[in-house]
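The next block holds one structure in the form of structure tokens; read it before the comments.
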Amino acid sequence: GGDAYNIYCHALVLDGDMDPYSTALKEADGESMWDDYQMRGGSGLTSAITKSFCLDMTYFEDEANGEPYVIWASKGYGNSRLYLAQVDKEQPWILNSEIIELTRPEFGWENVRYEVNEGPTVLQNNGKIFMCFSASGTGSEYAIGMMTAEQGADLLDIKNWTKNPYPL
């Protein structure tokens, strides 16, 4: 539709034991063997998944309890922020929890040129979950932020996360 922000997260699923590397389309109008599911569901801050752009979605499972989650960037409620929800393990394109705002640009280093939190990635080590993300404009001011939580904690409770006040 000509709107650069008319983008949403999807899950592509290839049934069976097919080799994903041999399924690329040879022509633009070819028929895909992949099923395409747009991310949907959840409760609470639903505009963050249904009415605004969504990008950089990251899936992870808490190594302590196996609970599956997704984190993504959206402008559902202002500038680019990161949101978190649990998903169905068998159908990870279905959010089955409340959506929470995990972080928004609040420190000066997150607001250089643009107010942005995006590009989440999750690392787990020694009982901790480290969620790293990009902040600010994408030039020399681009910075990496981090939030930390204990594995096995209720990750949908924002009180269980600690945001580093300085960039990495």
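Per residue, the convex hull around the alpha carbon atoms of segment 16-108 comes to 163 Å³.
Couplings 3J(HN,Hα) of segment 158-168, computed from phi: 4, 5, 8, 10, 10, 9, 5, x, 10, x, 6 Hz, in residue order, whole Hz [Karplus 6.51 cos²θ - 1.76 cosθ + 1.60, θ = phi - 60°; x for Gly and Pro]. Placing unit charges on the Cβ atoms of the charged side chains and taking the dipole of segment 1-159 about its Cα centre, the candidate lying farthest along the positive direction among 123, 10, 46 is 46.
For residue 62, the residues 5 or more places off, or on other chains, whose built amide H falls under 5 Å of its own are 67, 69. Our summary gives segment 86-149 a relative contact order of 24 percent, counting only alpha carbon pairs under 8 angstrom and 6 or more residues apart.
With coordinates expressed along the principal axes, the C-alpha atoms belonging to segment 107-168 extend over 36, 20, 16 Å, beginning with the largest.
Taking the Cα centre of segment 1-82 as reference, the dipole from Cβ charges on Lys and Arg (+1) and Asp and Glu (-1) amounts to some 680 debye.
Measuring spread by the Cα atoms of segment 75-141 yields a radius of gyration and Dmax of 14.0, 40 Å. Across the chain, the mean sequence separation of Cα contacts (distance under 8 Å, 6 or more residues apart), normalised by length, yields a relative contact order of 16 percent. The candidate values were [x] 48, 41, 25; [y] 95, 36, 22; [z] 48, 41, 29; the one computed from these coordinates for Cα extents along the principal axes in Å carries the label [z].
Computed from the coordinates by the stated procedures, all read-outs in this text should not be read as laboratory data. Model, not experiment: these values are computed from the prediction. Reconstructed Cβ throughout: ideal geometry from the backbone, glycine too, with neighbour counts over all protein chains shown.
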